[in-house]
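Report on one structure; see the data block that follows.
The values are calculated or read from the model by the stated rules, or taken from the named source; none is laboratory data. These figures come from a predicted structure and were not determined experimentally. Here the Cβ is made from the backbone with ideal geometry for all residues, glycine too, and neighbour counts use every protein chain on show. Accessible surface areas use protein heavy atoms only, side chains included; no ligands, DNA or RNA. Shrake-Rupley method; radii C 1.70, N 1.55, O 1.52, S 1.80 Å.
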Amino acid sequence: MQEKKFNIQNVLILGSGVMGSQIAAHCVNTGLKVKLLDLKSNDPKRPNKTVEENIQKLTKMNPAPLALPEMAERIIPGNFEDHLEWIEDADWICEVIVERMGIKKEMMARIEKVRKPGTIVSTNTSGLPISEISVDVSDEFKTHFLGTHFFNPPRYMKLLEIIPTESTDGAVTEYMTGFCEKILGKGVVHCKDTPNFIANRIGVFSMASMMPWFFEGKFRAEEIDFLTGTLTGYSKAAAFRTADMAGLDVINHVAENLYPAIPDDERREAFKLPVGFKKMVEKGAHGNKKGHGFYKKVKGEKGNEYHVVDPETLDYEPQQDVSFKSADKAKKEYKTAGERLKYLVNQNDKAGRFLWEIHCDLLLYSANRIPEITDSVEAIDRAMQWGFNWELGPFQRWDAIGLEESVKRMEEEGRSVPDSVKQMLQSGRESFYKDDGTVYNLASGKAELLTPPAKGSLMVAALKRDDREVWGNKSAGLYDMGDGVALFEFRTKQQTLGFELVQSVDKAAEIVKKQFDAMVIGHDNENFSYGANLAEAGVALQSGDFGKIKEAVENFQRVAVGLRYQPFPVVAAVSGRCFGGGVEFMMHCDKVVAHHELYCGLVELGVGLIPAGGGTKELLLRAMEKVKEEEDADPLPYLKDAFKTIGMAKVSDGAPKAKSLGYLRDTDLVVMHRDLLLASAKQQARAMADAGYRPPAEPKIKLLGQTGKSVLDVTVYIMTEAKWASPYDKVLAEKVAKIMTGGDLSEAQEVPESYVLKLEREAILECFRDERTHKRMEHMLKSGKPLRN
């Protein structure tokens, strides 16, 4: 068997600043062994003080770079003077020191003295030429050297730009691409070694093209952010809030570095940012890290609020309500961002003219960057989606607006449209992307198959395109994933679990029994499920149809718990937000394949209910199973922890935390890349079927009776006195305590699972009869926030 050429297990990170320390944290999250070096401290007793303090900062940062704070202990600190020989044992050396060419080149020379041949070295830079950083090293070093541009914060930002040089061995680029996808969970985009690569080149240009509209007084900042947010397929943070997050000083630095580096760029002058912006940077208005940029957080009467900068005085003033008639109509009449964008750029009002102008700038600029920065339309779109969180990349925007009509309008207005775009239209191709899974390549002038977002990924969109749907309705669908595995997809808004979807599980199970060996539950959406459909329950309550509520409760519990007893393995592929009933579906699958970024919790108390789809029972069962695993363990602390998880509606901030809370089992699989979730779940389901799957028998659960109830009553009292629980929270928590300890049981005893499930149903039906629950549900549906009554 041929030996593996590369196998990264040991990572050495050089530079422990904001990016270096967070890259180290993310590598630790994935299970890699990490050492982190920086300058030696002047303190003779603490030579590694710089790194140690930066590691400590990781435990306090928000959002958290570490999956669990205790993981900080896994990062081994060192310094450049005493520990540079650690390079010899590293499989990957990731240099993340200051962004100055001379200092980076000097570090490369120091690395070369110790590095073993064959070791991969990368530099993290947002714009310095990669080939120049490595110009003085040996040819062998150069073949193993490339750029890795992480985006901040590295744990959460999907994009990683990989920049090979002309000397980089193709095998190194291929391996690092696979490693960064599968192990680090990144969306990898290959970039040419050009100034600021792809995302920052396009993203900073996009911001720069909007700035004059603000600094010349044509629009307020909040108006521009309203028009360049989710309304038109940008990110939730829109333009200027994104700038505040990135740092105005950083944007200024990028623009100043870009200007001299791109003498042939037709829009070079756009990178000369407005005088007002320069003054903001000089005054220290650097964005979120300094507390003020375009926006400033101030204390108002109702808590914190954000004031906005005046472009003339650079003072801050309260935001004004934003409204444009065309935008209001677009929100009301069009469902998708693309449809709203198309409508708005064709309106001859203030909002329409602004959106048309900035899109002409963006679309033409992006097209003109091919083949300069990349040969790929897809690479530019993914870089903006993954690096700036845009819903639609530039070329997806152009398709949404309509390529043929927009090009005609651009030319009528005297704009220069790239020949490559005109040739595309002349060839009969009217959009960059087509439903047949192809994308037009402006560099080659040919349509090409879309590349998967990660090697080996499996997406529902591809199954639909290949006509693999077996059965479906508005709420759910069943697909053939291949190899005898079916996929059950949620299709409801926010993947809520309504009456029809729950019934659909029964229908799908019947089909799987006859035609497949296993089933995966999952989909392409970011969030697995927001739980039961409250709106449907609210309608039934208003109509006084309590029989329908009772039927829905029984059906939901039967279907959720029944996932465990199907005659075939069921695997859940979960990611993002997973609440309430979604957690109950997940917990009753035979196995869960979870994305590392899983934010899940049994949060029913917030809407006046209790987990009654088997969630209370399952958390209790898992707590009691832990007691069995540890001989002579006292069961009360385990019971109390499980109770507090529900009573305080604890939500995990990642899959490792979900394991510690009991939502995931130790045997459940955590995957770093969201787009590899379904493929991994399919593999797990197939393996279970091949092993001769048989459903488990109904378990017995030990209930602690009055002894346990007394302990939980004290816990409820403490929660109430500490103001963690409102008066109605207390009532609901007492119902959970009753279920978890056995209702009227006087002493500890083992009972069948069905006994606890019956207690769940009785308790939730009591909730549905209570006016305080009705108020909580109504408040949540109206405001999206829980009521603390």
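For the ranges 582-589, 23-30, 754-761, what's the packing order if you count other beta-carbon atoms within 10 Å of each residue, average per peptide, and put the highest first? Could the numbers behind the result be given before it?
Values: 582-589: 28.2, 23-30: 25.0, 754-761: 18.8.
Averaged packing, sorted descending, gives the order 582-589, 23-30, 754-761.
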Next on the checklist: Can you compute the radius of gyration and Dmax for region 625-668, using only the Cα atoms, both in Å?
Outcome noted: 11.3, 32
Item to check | Total charge dipole magnitude, the chain, about the Cα centre, Cβ charges on Lys, Arg, Asp, Glu only, Debye to nearest 20 | outcome: 1360 debye
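To one decimal place, what Kirkwood hydrodynamic radius in Å is obtained for region 96-152 from all pairs of distinct Cα atoms?
Numbers: mean 1/r = 0.0871 Å⁻¹.
Taking every pair of different Cα atoms in region 96-152, averaging 1/r and inverting gives 11.5 Å.
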Item to check | Accessible area (Å², per residue) of the chain, counting only protein heavy atoms and a probe of 1.4 Å | outcome: 44 Å²
Item to check | Ranking by accessible area, most exposed first, for R686, R110, R622 with a 1.4 Å probe | outcome: R110, R686, R622
Next on the checklist: Per-residue counts of other Cβ atoms within 10 Å, averaged by peptide: what ranking do you get for 90-98, 735-743, highest first?
Outcome noted: 735-743, 90-98
Checklist outcome for this item: Helix 771-783: inclination vs the chain longest Cα principal axis, degrees, rounded to 10, gives 10 degrees
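Indicate the gyration tensor shape class of region 279-385 (rounded, prolate or oblate), computed on the Cα atoms with a ≥ b ≥ c the square roots of the eigenvalues: a/c under 1.5 is rounded; otherwise a/b larger than b/c is prolate and the rest oblate.
oblate
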Checklist outcome for this item: Using the Kirkwood radius over Cα pairs of region 387-432, the Stokes-Einstein translational diffusion coefficient at 25 °C and 0.890 mPa s, in µm²/s and rounded to a whole number, is 215 µm²/s
Item to check | region 623-722 - convex hull of alpha carbons, volume per residue in Å³ | outcome: 137 Å³
Checklist entry - Taking the chain as a whole, which cysteines find no other cysteine Cβ under 4.7 angstrom from their Cβ? => result C27, C94, C180, C191, C360, C589, C767
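For the chain, what % of the accessible area comes from carbon and sulfur atoms, probe 1.4 Å? Before the final figure, lay out the partial values.
Details: 17000 of 34810 Å².
Whole-percent figure for carbon plus sulfur exposure: 49.
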Item to check | Inter-site label distance for A697 and D43 at 7 Å from Cα along Cβ, in nm | outcome: 6.0 nm
Next on the checklist: Can you give the FRET efficiency to the nearest 0.05 for N10 and L449, using r as the Cβ-Cβ distance and R₀ = 30 Å?
Outcome noted: 0.20
Checklist entry - Can you give the alpha-carbon Rg of region 1-145 over 2.2 N^0.38 Å, where N counts its residues? => result 1.04
Item to check | For region 72-79, 3J(HN,Hα) per residue [Karplus equation, 6.51 cos²θ - 1.76 cosθ + 1.60, θ = phi - 60°, Hz, x = Gly/Pro] | outcome: 4, 5, 7, 8, 8, x, x, 9
Checklist outcome for this item: Expected unfolding gain across T59-E73 under the 0.36 nm per residue rule, minus the alpha-carbon gap, is 4.0 nm
Checklist outcome for this item: Tilt, helix 727-741 to longest principal axis of the chain (alpha-carbon atoms), in degrees rounded to tens, equals 60 degrees
Checklist outcome for this item: In terms of the alpha carbon gyration tensor, root eigenvalues a ≥ b ≥ c, rounded if a/c is under 1.5 and otherwise prolate when a/b exceeds b/c or oblate, region 696-789 is oblate
Item to check | Residues in region 491-514 that a label on E339 would reach, taking backbone N under 15 Å of a point 7 Å out along Cα→Cβ | outcome: 493
Checklist entry - How far is it, in nm, from the label point at E216 to the one at K723 when both lie 7 Å from their Cα along the line to the Cβ? => result 5.2 nm
Item to check | Full-extension gain in nm, E629 to V714, via 0.36 nm per residue minus C-alpha separation | outcome: 27.9 nm
Checklist outcome for this item: Yeah, region 163-268 with a ≥ b ≥ c from its alpha-carbon gyration tensor (a/c under 1.5 is rounded, else prolate when a/b outruns b/c, oblate otherwise) is oblate
Item to check | Angle between the chain longest axis and helix 677-690 axis [Cα atoms, degrees, rounded to 10] | outcome: 50 degrees
Checklist entry - Can you give the accessible area of V189, probe radius 1.4 Å, in Å² rounded to 10? => result 10 Å²
Checklist outcome for this item: So for R0 = 51 Å, FRET eff. of D375-R110 from the Cβ-Cβ r, to 0.05, ends up at 0.90
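Based on the Cβ-Cβ distance from F546 to T313, what FRET efficiency comes out when R0 is 56 Å, to the nearest 0.05? Before the final figure, lay out the partial values.
Working: r = 61 Å, r/R0 = 1.09.
The calculated FRET efficiency here is 0.35.
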Checklist entry - What does a probe at S754 reach in region 546-561, counting residues whose amide N is under 15 Å from the point 7 Å along Cα→Cβ? => result 558-559, 561
